[in-house]
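A short worksheet on the structure shown next.
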Amino acid sequence: EQDCILKTHLVTEDSKWGVNPVNDTDDNIFVLSIQEVTTYFELDAYTEEGMYLEDPSRITQPTAYAEANGADAYRRQKESEYYGNGRWWLRTPGFSDDTTAYIDFAGGFDGNGLPVNVGNMLSVRPAFWVSVK
């Protein structure tokens with residue numbers, strides 16, 4: 001099965017502020033960029049506040065194992081429609097070279113990003129291409 005996973009040349013677009021501390025890479029497993037998410041999920045539009053609209057197809061919930069190891073899950077209001085949902089990293093840079101864009105609890109984008117540090121334990125949703133031959 002591992003032989004079916006294809007090596008992919010990854011080019012990461014600049015953030016909307018022109019930030020891009022990321023080099024092109026060739027990887028078998030990778031994290032999606034904003035451009036890839038808008039290609040493979042539904043198309044998006046900006047709200048008046050500059051945030052992307054929510055998309056239920058991008059909503060995810062971290063596994064119990066991931067949450068036990070620090071993955072972020074929405075636990076503020078048990079009655080909330082977002083309860084249990086996680087946020088996940090994208091590889092597109094945010095507003096500075098130490099921030100990264102992500103998908104929020106509702107499936108919307110935050111292109112401003114969050115600092116990539118221990119305090120922000122967002123989930124990782126790995127992506128890869130496979131050969132069916």
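The values are calculated or read from the model by the stated rules, or taken from the named source; none is laboratory data. Given the structure is predicted, the values throughout are model-derived calculations rather than measurements. Cβ coordinates were reconstructed from backbone atoms using ideal geometry, including for glycine residues, and neighbour counts include every protein chain displayed. To get the accessible areas, we keep the full protein, side chains included, count just its heavy atoms, and leave off ligands, DNA and RNA. Shrake-Rupley method; radii C 1.70, N 1.55, O 1.52, S 1.80 Å.
Right, Gly84: under 20 Å from Ser57 (Cα atoms) and free of Cβ contacts under 8 Å to residues at least 60 places away in the same chain or not?
Working: under 20 Å from Ser57 (Cα atoms): yes; free of Cβ contacts under 8 Å to residues at least 60 places away in the same chain: yes.
For Gly84, the condition - under 20 Å from Ser57 (Cα atoms) and free of Cβ contacts under 8 Å to residues at least 60 places away in the same chain - is met.
Scanning segment 79-116 for residues that are among the polar types (S, T, N, Q) and either under 15 Å from the mean Cα position of the chain (by Cα) or under 27 Å from Asp26 (Cβ atoms) (or both) gives Asn85, Thr92, Ser96, Thr99, Thr100, Asn112. Within segment 21-34, the set of residues being exposed (fewer than 14 other Cβ atoms within 10 Å of the Cβ) and touching an Asp or Glu at 6+ places or on another chain (Cβ under 7 Å) comprises Pro21 only.
Applying the criterion of being modelled with pLDDT of 80 or more and in a helix (DSSP H, G or I) to the residues of segment 39-62, the residue that is surrounded by the most Cβ atoms within 10 Å (Cβ to Cβ) is Arg58.
Within segment 1-11, count every residue that is within 16 Å of Pro126 (Cβ to Cβ) and either in a loop (DSSP other than H, G, I, E, B) or open to solvent by 90 Å² or more (accessible area, probe 1.4 Å) (or both). Lay out the reasoning, then the answer.
Of all residues in segment 1-11, those within 16 Å of Pro126 (Cβ to Cβ) come to 1-2, 4-8, 10.
From what is left, the residues that are either in a loop (DSSP other than H, G, I, E, B) or open to solvent by 90 Å² or more (accessible area, probe 1.4 Å) (or both) are 1-2, 7.
Counting residues in segment 1-11 that are within 16 Å of Pro126 (Cβ to Cβ) and either in a loop (DSSP other than H, G, I, E, B) or open to solvent by 90 Å² or more (accessible area, probe 1.4 Å) (or both) gives 3.
The residue of segment 67-84 that is modelled with the highest pLDDT, among those that are hydrophobic (A, V, I, L, M, F, W, C) and either buried (at least 17 other Cβ atoms within 10 Å of the Cβ) or assigned to a loop (DSSP other than H, G, I, E, B) (or both), is Ala73.
Entry remark, segment 90-115: residues being open to solvent by less than 30 Å² (accessible area, probe 1.4 Å), touching a residue at least 24 places away in the same chain (Cβ under 8 Å), assigned to a strand (DSSP E or B) and of a type outside the set (S, T, N, Q) number 8 in total.
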